[in-house]
Amino acid sequence: MYIFTSDLHFQDKSVADDGWHAEKPFLSFMEFYAPDIKIVLGDFLSLETPLECIIKAYHKLFCAIYADRNLLWLLPGNHDRDIGALAALGFTILPPVYVIEYGKWRALVLHGDKFDYFNRGNASIGQIVTRLAGWVERHGWQGADDVLGRLWSKVIGQVNSIDDACFGLASQLGCNAFIHGHDHLPHVASRDGIIGLDCGTWTRKFEYGYPYAVMTEDRLTLEWWSEDGRW
Ligand SMILES: [Mn+2]
């Protein structure tokens, strides 16, 4: 069984940190799925915060994932600038585009930023918006990046479709599934025999909890983790 999450965006536990409330549920989630391979599909870290500050703020979490580093795999997203340092510590870092063959699945897994023309790689408009939202948040308006982030996702959705591009690449690679994150909008899509899952984000708790994907040999589902256990 493979478990997928995305976009934790841990920072420094300052007012601008949206990952803070996800620490405890993520620890219980890791414990529940201890025997399984858990893959974070990008943006585990945050661009604005140096890795040493993130590790210091989330010491307990990093101890837990370090102990589980053989079963917790990280795939780089556009916020994971310091992921090389985690690789040096022995973490398993997947290539940015990866194919998993398991049971009936040949699944394309990726972060998704490569198909976001305004927010991929380094020095993009998206990074300026992220840094601006962080600045506004640190200076008084704490909901800034949630509001701006949702607005940004809607604008991006109008301009380019990550799903459309993923269906294309999955088909080209002979895959029958894809799983991504990046746009913080958890959902399931299907087209021409290909199923697509968006793992969303843990920077906010949705109505049913925190989104994640489960792949068994014959099923691929979007599920929700609530702090008390599975939804
Ligand atoms: Mn991203």
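The values are calculated or read from the model by the stated rules, or taken from the named source; none is laboratory data. Here the structure is a predicted model, which means the values were calculated and not measured. Cβ placement follows ideal geometry from the backbone for every residue including glycine, while neighbour counts extend to all protein chains displayed.
Filter region 77-111 down to the residues that are more than 19 Å from the chain's Cα centre (by Cα) and of a type in the set (A, V, I, L, M, F, W, C), then identify the one that is surrounded by the most Cβ atoms within 10 Å (Cβ to Cβ).
So, considering only residues that are more than 19 Å from the chain's Cα centre (by Cα) and of a type in the set (A, V, I, L, M, F, W, C), the one surrounded by the most Cβ atoms within 10 Å (Cβ to Cβ) is W105.
Is it true that F32 is surrounded by fewer than 21 Cβ atoms within 10 Å (Cβ to Cβ) and touching a residue at least 40 places away in the same chain (Cβ under 8 Å)? It is true that F32 is surrounded by fewer than 21 Cβ atoms within 10 Å (Cβ to Cβ) and touching a residue at least 40 places away in the same chain (Cβ under 8 Å). On inspection, A85 does not qualify as closer than 19 Å to D43 by Cβ, at pLDDT below 70 and more than 16 Å from the ligand (Cβ to nearest atom).
List pairs: first residue in region 96-122 and farther than 19 Å from D43 by Cβ and of a type in the set (V, I, T), second residue more than 10 Å from the ligand (Cβ to nearest atom) and not in a strand (DSSP E or B) anywhere in the structure, Cβ distance under 9 angstrom, at least six positions apart or on different chains. These pairs meet every condition: V99/L173; V99/G174; V99/C175. Using the structure shown, decide if V188 is exposed (fewer than 15 other Cβ atoms within 10 Å of the Cβ), modelled with pLDDT of 95 or more and hydrophobic (A, V, I, L, M, F, W, C). For V188, the condition - exposed (fewer than 15 other Cβ atoms within 10 Å of the Cβ), modelled with pLDDT of 95 or more and hydrophobic (A, V, I, L, M, F, W, C) - is met. Here D163 meets the list (1) within 16 Å of the ligand (Cβ to nearest atom); (2) among the acidic types (D, E); (3) at pLDDT 95 or above; (4) more than 25 Å from E23 (Cα to Cα) almost entirely, failing just condition (3). Give me the residue from region 191-209 that is surrounded by 14 or more Cβ atoms within 10 Å (Cβ to Cβ) and of a type in the set (D, E, K, R) and, out of that set, farthest from the ligand (Cβ to nearest atom). Across region 191-209, the extreme among qualifying residues is K205.
Quick one: is T221 closer than 26 Å to L173 by Cα, out of contact with any Ser or Thr (no Cβ under 7 Å at 6 or more places or on another chain) and of a type in the set (S, T, N, Q)? Against the criterion (closer than 26 Å to L173 by Cα, out of contact with any Ser or Thr (no Cβ under 7 Å at 6 or more places or on another chain) and of a type in the set (S, T, N, Q)), T221 qualifies. Quick one: which residue in F62, F10 is under 21 Å from H184 (Cα atoms) and among the aromatic types (F, W, Y)? The match here is F10.
Looking across L108, L132, L151, one residue alone is in contact with a strand residue (DSSP E or B) (Cβ under 8 Å, 6 or more places away or on another chain), at negative phi and either within 16 Å of the ligand (Cβ to nearest atom) or modelled with pLDDT of 70 or more (or both). It is L108. With the structure loaded, tell me whether G77 is touching a residue at least 40 places away in the same chain (Cβ under 8 Å) and either in contact with a Pro (Cβ under 9 Å, 6 or more places away or on another chain) or farther than 19 Å from Y33 by Cβ (or both) or whether it fails that test. So G77 fits the description; yes. For region 1-18, the set of residues classified as away from the ligand (no atom under 16 Å from the Cβ) and assigned to a strand (DSSP E or B) consists of Y2, I3, listed by residue number.
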